[in-house]
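The values are calculated or read from the model by the stated rules, or taken from the named source; none is laboratory data. Just so we're clear, the structure is a prediction, and the values are computed from it rather than from any experiment. A quick note on method: Cβ atoms are made from the backbone with ideal geometry, for glycine too, and the neighbour counts reach across all protein chains shown. Keep in mind that these areas ignore ligands, DNA and RNA; they rest on the heavy atoms of the full protein, side chains included. Shrake-Rupley method; radii C 1.70, N 1.55, O 1.52, S 1.80 Å.
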Amino acid sequence: MQQFDHFINGKNTPPENGEYLAVINPCNGQQIASIARGNGADVDKALKSSEDAFKPWSKKTMAERVALQHKAADAMRSNIEDLAQTISSELGRPLEGCYREIERSADLLDYYAEEALRLKGEIPMMNVEGEKVLIIRQPIGVVVSITPFNYPITLLVLKIGAALAVGCTVTSKPAEDTPLSTLKLARLFHEAGFPHGVFNVITGKGREIGDELVAHKIPRKITFTGGTSVGQRIAKIAADTNKRVTLELGGQSPAIVCEDADIAEAAKAIAKHAFANSGQFCYRVNRVYAHQNIYDQFMSLLCAEVEQFKVGDVADRSCTHGPLVNEKIFKTSDEQSKDARLKGADFKVGGHRLLGGIYDKGYYFAPTVIGNTSHDMQIMTEETFGPVLGVMKFESLDDAINLANDSIFGLAAYVFSKDIGKCIQLSETLEAGSVWVNKIQRSYHLAPFGGVKQSGMGREKSVHGLEEYTELKTIYLNY
Ligand code: NAP
């Protein structure tokens, strides 16, 4: 079984304390590798290496950095089989989705590289003799990236693709459950020609090394994707040293299905999006408000879609959905289902842990649709991050809007109606970073993504995502 060290300064670097942690395949409970259990000394080593690498990396021309980034994207495509298999076995996700994750992430690297070439400063047209004001952009400095388990490469590339292109260096801490794909990616970047120390990876437990990574004096920015409570802790610690932060946090995204919607289309889109990656998906549909006149029709179409899912070990290619990654993530689906049952909700599909045979080896939860819900149930107000969907009837559009906005979260929202005026009114009124209307495609690289309220701070993707890794500097030039 393979043992992985930290990847620091272009080298496999054993942990100072000599300790390793097991990485488990969540489908069958078997150990697939071990990873270094980082501590404060490892954090210090990684960040010093990032600091040493920063000066020469930031001095390279944009064209040089961009050329390397395209090479890294090509290396991802050439190694897609290994990377996808790695994600599939550490996360327990069907392989098809893992291939798409690598393809989309390689495309995102290319996109960021091309957009970086178009970054510009400004010279205001002041017409003052002997003076010019130059407004330039510079890389922020060393960045700490902390990512969750659910899309280990996509969520990482959202950060490093922007940070490295503009001249920052990065020390990355992947999730304890899914660190292997990140370690392999760092090696590919190195082989593609990225200099030592530009992209380091330190592994271990977030609660053991997180504070040290965030409080350390070297990094100038923390970029984090994960749960809201961890994100808030990071923001507080980062504030002590005035570090920049980008936070992509939890979601509890609502969908509104109006009376005049294409009901079949809405049911199909919502079933796909709510249960993708077994619901371990930040901007999944978590709750649906369906107009009372189409509620029954919508429910039967939705349940028919969900009943087609096949849950199991993803080594069986006919399985559409795998297990939940660990006990902590599983517990939320279980507790929210029990809470809704106690409060009298109507379970249309699922609602329980799957047991027997392979199911006993992991945390498998049946895809679940719960009807007749209300806002005193956890499923309608708390993030699930699992394969459980709550549905509630509404009478008037105002009620639907109030219910949809009755949340501490604001990551995404979804609207289904054939009346485009109503769609625009709803899109403007819903408190969310992104709104999808009448269809749910994956978010595009050229559009900013991020949350409002307690779903986050800052944006990833698009030119705005690149700018988050730069600082503006003003030069008063007198001649
Ligand atoms: P999590 O517990 O917050 O973990 C995320 C990352 O933070 C992991 O690498 C984790 O390390 C690390 N971490 C844990 N404690 C830390 C600490 N005290 N200081 C610094 N880092 C720490 O999140 P999760 O429950 O695994 O992931 C699911 C959450 O991520 C959901 O809330 C989901 O909505 C959110 N998410 C948001 C987006 C978005 O774009 N808005 C995208 C995907 C996921 P360990 O793994 O070692 O604990």
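A few comments on the model shown:
Let's see how each residue does on (1) within 16 Å of the ligand (Cβ to nearest atom); (2) of a type in the set (A, V, I, L, M, F, W, C); (3) surrounded by fewer than 19 Cβ atoms within 10 Å (Cβ to Cβ); (4) on the phi > 0 side of the Ramachandran plot:
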| residue | (1), (2), (3), (4) |
| --- | --- |
| 410 | yes, no, no, no |
| 413 | yes, yes, no, no |
| 419 | no, no, yes, no |
| 423 | no, yes, no, no |
| 446 | no, yes, yes, no |
| 454 | yes, no, no, no |
| 460 | yes, no, no, no |
| 471 | no, no, yes, no |
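- Of the residues making up region 278-304, just one is open to solvent by less than 10 Å² (accessible area, probe 1.4 Å), small (Gly, Ala, Ser) and more than 16 Å from the ligand (Cβ to nearest atom), namely 290.
- Residue 267, sole failed condition from (1) within 12 Å of the ligand (Cβ to nearest atom); (2) farther than 17 Å from residue 150 by Cα: (1)
- Residue in region 406-427 that is within 27 Å of residue 335 (Cβ to Cβ) and of a type in the set (D, E, K, R) present: yes
- Restricting region 452-474 to residues that are of a type in the set (A, V, I, L, M) and part of a strand (DSSP E or B), the residue that is nearest to residue 252 (Cα to Cα): 457
- Selection within region 159-188 - under 15 Å from residue 224 (Cα atoms) and open to solvent by 10 Å² or more (accessible area, probe 1.4 Å): 173, 175, 176
- Residue in region 439-451 that is among the charged types (D, E, K, R) and in a helix (DSSP H, G or I) present: no
- Residue within region 191-208 that is open to solvent by 50 Å² or more (accessible area, probe 1.4 Å) and within 22 Å of residue 101 (Cβ to Cβ) present: yes
- Test: residue in region 142-158 that is open to solvent by less than 10 Å² (accessible area, probe 1.4 Å), among the hydroxyl-bearing types (Ser, Thr, Tyr) and more than 13 Å from the ligand (Cβ to nearest atom): no
- Residue match in region 146-163 (condition: farther than 16 Å from residue 465 by Cα, in contact with an Asp or Glu (Cβ under 8 Å, 6 or more places away or on another chain), in a loop (DSSP other than H, G, I, E, B) and among the polar types (S, T, N, Q)): no
- When restricted to residues that are more than 8 Å from the ligand (Cβ to nearest atom) and assigned to a loop (DSSP other than H, G, I, E, B), region 204-247 contains 9.
- Flag if residue 275 is under 16 Å from residue 413 (Cα atoms) and either more than 12 Å from the ligand (Cβ to nearest atom) or not assigned by TED's automatic domain parsing to the domain that holds residue 407 (or both): yes
- Some residue of region 108-122 being within 16 Å of the ligand (Cβ to nearest atom) and not acidic (Asp, Glu): yes
- Residue ID - farthest from residue 402 (Cα to Cα), chosen from residues in region 283-315 that are assigned to a loop (DSSP other than H, G, I, E, B) and under 26 Å from the mean Cα position of the chain (by Cα): 315
Residue by residue, here is whether (1) part of a loop (DSSP other than H, G, I, E, B); (2) without any contact (Cβ under 8 Å) to a residue 60 or more places away in the chain holds:
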{"site": "100", "(1), (2)": "no, yes"}
{"site": "105", "(1), (2)": "no, yes"}
{"site": "108", "(1), (2)": "no, no"}
{"site": "120", "(1), (2)": "yes, yes"}
{"site": "138", "(1), (2)": "no, no"}
